[in-house]
Amino acid sequence: MTPANPSPAPDHTAVRVALWRALHVEIDPPPHVFHDTLGAQIAGETNWRIRPDMDPTFSRSMRASIVGRARCIEDLLEAEVRKNALGQYVILGAGLDTFAQRGPDWGAALRVFELDLRLPQIWKKSRLKELGLPVPERLRFVPVDFSVGQSWWEQLVAAGFSARAPAFVASMGVSLYLSQETNLATMKQVATLPAGSTFAMTYLLRPELLGAEEKARMEFVMKKAEESRSPFLGLFSPEEILEMAKAAGFKKARLLSAKEIFRLYFSKRTDGLEAGSAEEILLAST
Ligand SMILES: C[S@@+](CC[C@H](N)C(=O)[O-])C[C@H]1O[C@@H](n2cnc3c(N)ncnc32)[C@H](O)[C@@H]1O
């Protein structure tokens, strides 16, 4: 049963992916697809390396998927910033994202808006403070719940976001926890941004679209997610996602398939690390 007054605590799904990013740096040989060990510092678990979900073999394709998507989305963001001098970066369901702390030079002028549920966000802010990690002036934390309608957009604007200026909006590992209706409503809101805005969202394929081995793994993960009260609510086919982007009102939409992500970030590796085919990225623009 959920306590009446729950206290600030991390979201366990956000902790897991942050730990996988750190695990990649620790155990996979360089060059690393994505370099982020700060998220694990924020998580602050002493014995995280011996968690069953951090088992090097069990976690292999999942940690590859997590670093592949993080790298891909930051590469897309960098391209937009360099090409169009884009000034706003919105991270939906930011979890233990550390873009603002890593602060790459090319993103130094970006205003960053991290959106997440209230209690995990309070917890994250206090961890950043405890660790003395930078919280730059240009970073805003916006507590929201996407499943309760449009209020998240109002809160974003109240936090200083300009809905009249283009933005890059990223959603990594969030769509699966939202219903189809909530995903569509979120997309519709983002699609109201002015021309030159980008929406990059990862999504998971329905298990029936996967090969036998991946399907079994996905079903296992879904069962665990159900048990830990973070059920997967939004799984899609590529056609459905493109249809939703169109219905939301984006001018253009395309998919970065798992094959394409493999080609970009894993095909030249000699250790065989690869992310499988369960997760893809929707790239839509206004
Ligand atoms: C798997 S984590 C991904 C975190 C981060 N994007 C990453 O890739 O490291 C999912 C995140 O979505 C957030 N989230 C889930 N449901 C949400 C909702 N209804 N409203 C706002 N945030 C939500 C969780 O709190 C968590 O931080």
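Picking from residues in the range 21-38 that are open to solvent by less than 20 Å² (accessible area, probe 1.4 Å) and touching a Lys or Arg at 6+ places or on another chain (Cβ under 7 Å), the one that is nearest to Leu119 (Cα to Cα) is Asp36.
For the range 134-154, the condition of being surrounded by 18 or more Cβ atoms within 10 Å (Cβ to Cβ), in a helix (DSSP H, G or I) and away from the ligand (no atom under 12 Å from the Cβ) holds for at least one residue. Contact map, the range 150-163: first residue closer than 16 Å to Ala191 by Cβ, second residue open to solvent by 40 Å² or more (accessible area, probe 1.4 Å) and polar (S, T, N, Q), Cβ cut-off under 9 Å, separation 6 or more or different chains; pairs are Trp153/Thr192; Ala163/Thr192. Residues that are under 18 Å from Phe146 (Cα atoms), open to solvent by 40 Å² or more (accessible area, probe 1.4 Å) and assigned to a loop (DSSP other than H, G, I, E, B) within the range 65-120 comprise just one, Leu117. Checked against the criterion of being touching a residue at least 24 places away in the same chain (Cβ under 8 Å), out of contact with any Phe, Trp or Tyr (no Cβ under 7 Å at 6 or more places or on another chain), more than 14 Å from the ligand (Cβ to nearest atom) and open to solvent by 30 Å² or more (accessible area, probe 1.4 Å), the range 198-213 has at least one qualifying residue. Taken over the range 175-187, the residue count meeting the criterion of being buried (at least 22 other Cβ atoms within 10 Å of the Cβ) and within 14 Å of the ligand (Cβ to nearest atom) is 3. Of the residues examined, Ala43 is one that is open to solvent by 10 Å² or more (accessible area, probe 1.4 Å), within 12 Å of the ligand (Cβ to nearest atom) and more than 18 Å from Ile261 (Cα to Cα).
Annotation: Lys124 fulfils all but one of (1) within 13 Å of the ligand (Cβ to nearest atom); (2) assigned to a helix (DSSP H, G or I); (3) without any contact (Cβ under 8 Å) to a residue 60 or more places away in the chain; the unmet one is (3). Return yes or no: is Met172 at pLDDT 95 or above and within 14 Å of the ligand (Cβ to nearest atom)? It is true that Met172 is at pLDDT 95 or above and within 14 Å of the ligand (Cβ to nearest atom). Take Thr57 and decide whether it is without any contact (Cβ under 8 Å) to a residue 24 or more places away in the chain and either within 12 Å of the ligand (Cβ to nearest atom) or of a type in the set (S, T, N, Q) (or both). In short, yes.
Taking the condition away from the ligand (no atom under 16 Å from the Cβ) and in contact with a Gly (Cβ under 7 Å, 6 or more places away or on another chain), does Leu110 pass? The answer is yes for Leu110.
Exactly one residue out of Val90, Val67 is of a type in the set (A, V, I, L, M, F, W, C), within 13 Å of the ligand (Cβ to nearest atom) and under 21 Å from Lys268 (Cα atoms): that is Val67. Of all the criteria given as (1) within 15 Å of the ligand (Cβ to nearest atom); (2) without any contact (Cβ under 8 Å) to a residue 24 or more places away in the chain, the one not satisfied by Pro30 is (1). Being free of Cβ contacts under 8 Å to residues at least 24 places away in the same chain and hydroxyl-bearing (Ser, Thr, Tyr) is the filter here, so list the residues in the range 259-269 that pass it. Listed by number, the list holds a single entry, Ser267.
The values are calculated or read from the model by the stated rules, or taken from the named source; none is laboratory data. Nothing here was measured: the structure is a model prediction, and the numbers come from that model. Glycine gets a Cβ as well: all are built from the backbone with ideal geometry, and neighbour counts include every protein chain shown. Ligands, DNA and RNA are excluded from the accessible area calculation, which covers all protein heavy atoms including side chains. Shrake-Rupley method; radii C 1.70, N 1.55, O 1.52, S 1.80 Å.
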